[in-house]
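Before any comments, here is the structure.
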Amino acid sequence: MAEFTPLSALIGGCLIGGAAGLLFWLDGRIAGISGIFGGLVEAGAGDRYWRVAFLAGLVLGPLLHAAVTARPPAFVVTPSLPLLVAAGLLVGFGTRLGHGCTSGHGVCGLARLSRRSLVATLSFFASAVVTVFVARHILGG
Amino acid sequence: MRQVVAALAAGILFGLGLSVSQMTNPGKVLAFLDFLGPWDPSLALVLIAAVTTAAAVFRVARSRPRPLFATSFQVPGRRDIDARLVIGGVLFGVGWGLVGWCPGPAIASLALARWESAAFLAAMAAGMLAYRLSPLARAEAPKTELTR
């Protein structure tokens, strides 16, 4: 499970960064996925089409990847519905309150050398590490 | 129209990157966040490569007066560090650490047709709506957007 995959990580990272760069270069938009998704959920956003297109692409990308690779991707996720719901609620609320997630603050914000994004990124990485530590090593999940 | 096609292309590339780097697999993300387990540093390399590449393309893009298909660059103009930024980040981090999904990979995982990502995304949308309806959203300072 915990195998280090440096090559695919670097290639994938370049694709992610390239995608964020492309959206900015062509459309002038920051590829912050919680913001793009949130703009859809929250009523009043007049510019829905590009958001839907980007999010559809996000699903098409892995399908494309699966089509060219023969074996199904490794995938491990908790089967606990209460845990999934609690996590989803926290991710939704937190990313709106903090104005961004791993893509908007983590990738785009750090690339723009934004101090706000650095603070946000340090906040969510630190709390995620503490959460995993508590869940796995103190409560023993 | 060109803007929408460009967004689709960027989305496909982004989803491909998440899939290639296996960030769509919550187990792999948790293996990074768990420093005491058999640690998997892959996520750090994904982030470093993504930030470096994005920074390079941003730099090229900003050397032009405006985006290719739009009238202006939409860049967050805020510089202040407030409690919401940190508290929001901390809450998001707890949710991220509980399951191993952040918004991008959770959406991209719909490609795998698993019920778990649908459940997570429904709750995520509910969490966003809850914020929207909360007094916190009403007290929010108006967004300042820097055009260029």
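Read-outs throughout are calculated quantities, based only on the coordinates presented, and are distinct from any laboratory measurement. Worth saying up front: this structure is predicted, and the values here are computed from it rather than measured. In this analysis, Cβ positions are derived from the backbone assuming ideal geometry, glycine residues included, and neighbour counts consider all displayed protein chains.
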Quick one: which residues, 5+ away or cross-chain, put their amide H under 5 Å from the amide H of A:Ala74? H built at 1.01 Å from N. none
Taking the simple approach of a point 7 Å from Cα along Cα-to-Cβ for both B:Ser63 and A:Leu118, what is their distance in nm? 2.5
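Sorting A:Thr78, A:Thr69, A:Thr121, B:Thr24 on the 10 Å Cβ count, fewest up front, what's the list?
If I rank by nearby Cβ atoms, fewest first, I get A:Thr69, A:Thr78, A:Thr121, B:Thr24.
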Using a Förster distance of 35 angstrom, determine the FRET efficiency expected from the C-beta separation of B:Met1 and B:Ala137, and round it to 0.05. 0.60
Could you give the size of the charge dipole of the protein assembly as shown about its Cα centre, using +1 on the Cβ of each K and R and -1 on the Cβ of each D and E, expressed in debye and rounded to the nearest 20? 820
What FRET efficiency do you get for A:Ser8 and B:Ala83 if R0 is 35 Å and r is their Cβ-Cβ distance, rounded to the nearest 0.05? 0.40
Over region B:25-142, what per residue volume does the convex hull of the Cα atoms give, in whole Å³? 171
Ordered by residue, what ³J(HN,Hα) values in Hz, to whole numbers, does region B:2-14 give under the Karplus form 6.51 cos²θ - 1.76 cosθ + 1.60, where θ = phi - 60° and Gly and Pro are x? 4, 4, 5, 5, 4, 5, 4, 4, 5, x, 4, 4, 5
Along its principal axes, what span do the Cα atoms of chain A show, with the longest given first and each in whole Å? 46, 40, 31
Most exposed to least, judged by fewest other Cβ atoms within 10 Å, B:Asp80, A:Asp47 sort to B:Asp80, A:Asp47
Hey, rough spin-label estimate for A:Leu40 and A:Arg71, points 7 angstrom out along Cα→Cβ, what's it come to in nanometres? 3.2
Translational diffusion of the protein assembly as shown, µm² s⁻¹ [Kirkwood Rh, Cα pairs; Stokes-Einstein; 37 °C; 0.692 mPa s]: 177
Region A:79-91 - phi-based ³J(HN,Hα) in whole Hz, Karplus 6.51/-1.76/1.60, Gly and Pro as x: x, 7, 4, x, 5, 4, 5, 4, 5, x, 4, 5, 5
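Report, in debye and to the nearest 20, how large the dipole of chain A comes out about its Cα centre when Lys and Arg carry +1 and Asp and Glu carry -1 on their Cβ.
Working: 9 positive and 4 negative charges, 38 e Å.
The calculated dipole for chain A is roughly 180 debye.
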For region A:21-141, with the dipole built from +1 on Lys and Arg beta-carbon atoms and -1 on Asp and Glu ones, taken about the Cα centre, which of A:Phe24, A:Leu55, A:Thr131 lies farthest toward the positive end? A:Thr131
